[in-house]
1. For segment 103-145, name all the residues that are under 22 Å from residue 206 (Cα atoms), surrounded by fewer than 19 Cβ atoms within 10 Å (Cβ to Cβ) and touching a strand residue (DSSP E or B) at 6+ places or on another chain (Cβ under 8 Å).
2. Considering only residues of segment 146-165 that are without any contact (Cβ under 8 Å) to a residue 60 or more places away in the chain and in contact with a helix residue (DSSP H, G or I) (Cβ under 9 Å, 6 or more places away or on another chain), which is surrounded by the fewest Cβ atoms within 10 Å (Cβ to Cβ)?
3. Look through 242, 277 and report the one residue that is in a loop (DSSP other than H, G, I, E, B) and either modelled with pLDDT under 95 or in the same structural domain as residue 13 (by TED's automatic domain parsing) (or both).
4. Only one of these is over 13 Å from residue 331 (Cβ atoms) and crowded, with 24+ Cβ neighbours inside 10 Å: 297, 281. Name it.
5. Considering only residues that are out of contact with any helix residue (DSSP H, G or I) (no Cβ under 8 Å at 6 or more places or on another chain) and assigned to a helix (DSSP H, G or I), look in segment 1-25 and name the one that is surrounded by the fewest Cβ atoms within 10 Å (Cβ to Cβ).
6. Taking residue 253 as the residue in question, decide whether it is in a helix (DSSP H, G or I), at pLDDT 95 or above and more than 19 Å from the chain's Cα centre (by Cα).
7. Restricting segment 323-349 to residues that are touching a strand residue (DSSP E or B) at 6+ places or on another chain (Cβ under 9 Å) and within 18 Å of residue 208 (Cα to Cα), which is surrounded by the fewest Cβ atoms within 10 Å (Cβ to Cβ)?
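The values are calculated or read from the model by the stated rules, or taken from the named source; none is laboratory data. Please read all numbers here as calculations on a predicted model, not as lab measurements. As a convention, Cβ positions derive from the backbone with ideal geometry for all residues, glycine included, and neighbour counts pool all protein chains shown.
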């Protein structure tokens, strides 16, 4: 990330949402052909939605303002008020989406423990699904996440997703996948994204994280699901007009920015390995699969996030001594080495 603190370059590892659009995206935005999307007359949005549906292997797609909106649409289109949904105990939908599923969808949220790989144990899901009973709400939706944010960017394999989705479908549930960073998962596994989402009914993915577009997300599913989502999107205030200006960057993101995610993964592994060499830090380099590194800093450092921030390296606190680092296009391999040097200096001074 650009900028300086006391003459030092700022190295921003808070999130991949801080990525700036590329020059090609800016040109595409400037040149975008636009129209009124509520009337389905924006040709650039139409192109983006067709592209998104194709790369996800789904019938249809809908452009939204954010991953939070797309996930909310996943609930609203697949449930009715009074239903019950199952999510992981560490799910982004549970922790960071302001309770929209319950507040706006009127659904009850039941949690199943996530393991450190972001998975839900099939046996736990099975026993959480309500049987038919006049006293019980209907369990109608299972929500998954790939990659898994709070579980350190962990990847769900296609085989696992097929297994857990098959269980849900057998019991009459639909499956929504929060695939905000699904392309990170695909790159990490060396497969196409559509292979990872084939078993689920609806999926969302973000353009504005590692893919570097300035804004936007896609909700994908059947034509019927996308049409229901379009109506809900309008109700939520998400009906956009000449939004092809931002959709143009999304097209570039999907077509040009996926393969380079491997660089972010390599930098995350490099950062974790370097951090493991600094006394007092707790980190597991072997568990880093994509672009997220969770770690704990030594007690003696004090308020690590604040102190290292004063030295031009930005992280997000996860509470207590737990910290998250997210590599992204704005951070080079040289920046990672520099960040490690600054952290090492801070630790030595705290001794």
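1. Scanning segment 103-145 gives a single hit, 117.
2. Checked segment 146-165; the qualifying residue surrounded by the fewest Cβ atoms within 10 Å (Cβ to Cβ) is 163.
3. Going through 242, 277 in turn, just one is in a loop (DSSP other than H, G, I, E, B) and either modelled with pLDDT under 95 or in the same structural domain as residue 13 (by TED's automatic domain parsing) (or both): 277.
4. Exactly one residue qualifies, and that residue is 297.
5. Within segment 1-25, the match that is surrounded by the fewest Cβ atoms within 10 Å (Cβ to Cβ) is 23.
6. The answer is no for residue 253.
7. Among those that are touching a strand residue (DSSP E or B) at 6+ places or on another chain (Cβ under 9 Å) and within 18 Å of residue 208 (Cα to Cα), it is 330.
Table: residues versus (1) in contact with a strand residue (DSSP E or B) (Cβ under 9 Å, 6 or more places away or on another chain); (2) on the phi > 0 side of the Ramachandran plot; (3) in contact (Cβ under 8 Å) with a residue 12 or more places away in the chain.
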| residue | (1), (2), (3) |
| --- | --- |
| 167 | yes, no, yes |
| 170 | no, no, no |
| 174 | yes, no, yes |
| 182 | yes, no, yes |
| 186 | no, no, yes |
| 190 | no, yes, no |
| 202 | yes, no, yes |
| 206 | yes, no, yes |
